[in-house]
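The values are calculated or read from the model by the stated rules, or taken from the named source; none is laboratory data. As the structure is a computational prediction, the values presented were derived from the model and not from experiment. Note: ideal-geometry Cβ built from the backbone for every residue, glycine included; neighbour counts use all protein chains shown.
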Amino acid sequence: MLMVGVARVGNEPVARYTPDGKAVMDISLAFDYGRKGSDGRRPTQWVNASMWGDRVERLQPYLSKGSQVFVTLSEPHIETYEKKDGSGQGFSLRARVTELEFVGGRRDESSGESAESGAAPAAARPAKSAVKGTGFDELDDDIPF
């Protein structure tokens, strides 16, 4: 089974190495799904994913908390663990990253705006449409298909 979608990176990924020298990186991914609630936000499904091999060293410098990525995940499964506070079992969804592409800029948390690395200067970017309702942000979420 595969899982495919756009997600945001939820932690600062750090590469580590197995005793036999293979690179591995754990990445927390946040997928939004479903309809917006009364608070205007969609529910989030967190997936703890791992990436293996030489891609780890190549991609780690570019992956950071808030990066938007398109991922293909394989081997999705639920892991159980004992909670640290001793209150019982916890569950987490885990998978393995098979493909990863960057699709958006990283969110600048101080200003709340997108901070795309290598983005064109404001003067070189196309102007936003002056006509209200022509952007994707204004689309109705209740489209029946």
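List the pairs whose first member sits in the stretch 80-92 and is without any contact (Cβ under 8 Å) to a residue 40 or more places away in the chain, whose second member is of a type in the set (Val, Ile, Thr), and whose Cβ atoms are under 8 Å apart, counting only residues at least 6 apart or on separate chains?
Gln89/Thr80; Gly90/Thr80; Phe91/Ile78; Phe91/Thr80
Looking only at strands (runs of 3 or more DSSP E) that lie completely in the stretch 1-68, which have at least 3 residues being in contact with an Asp or Glu (Cβ under 9 Å, 6 or more places away or on another chain) and of a type outside the set (D, E, K, R)?
Of the strands (runs of 3 or more DSSP E) lying wholly inside the stretch 1-68, those with at least 3 residues that are in contact with an Asp or Glu (Cβ under 9 Å, 6 or more places away or on another chain) and of a type outside the set (D, E, K, R) span 2-9, 44-52.
Look through the stretch 19-56, keep the residues that are more than 18 Å from the chain's Cα centre (by Cα) and under 16 Å from Arg96 (Cα atoms), and return whichever of them is surrounded by the most Cβ atoms within 10 Å (Cβ to Cβ). Walk me through how you get there before you give the answer.
We begin by selecting, within the stretch 19-56, every residue more than 18 Å from the chain's Cα centre (by Cα); these are 19-23, 35-40, 53-54.
Adding the requirement that they be under 16 Å from Arg96 (Cα atoms) leaves 22-23, 53-54.
On the way: Lys22: 12, Ala23: 17, Gly53: 11, Asp54: 9.
Taking the candidates together, the pick is Ala23.
When you check Val103 against the structure, is it modelled with pLDDT of 95 or more, within 26 Å of Asn48 (Cβ to Cβ) and among the aliphatic types (A, V, I, L, M), yes or no?
No; evaluated as a whole, the condition is false for this residue.
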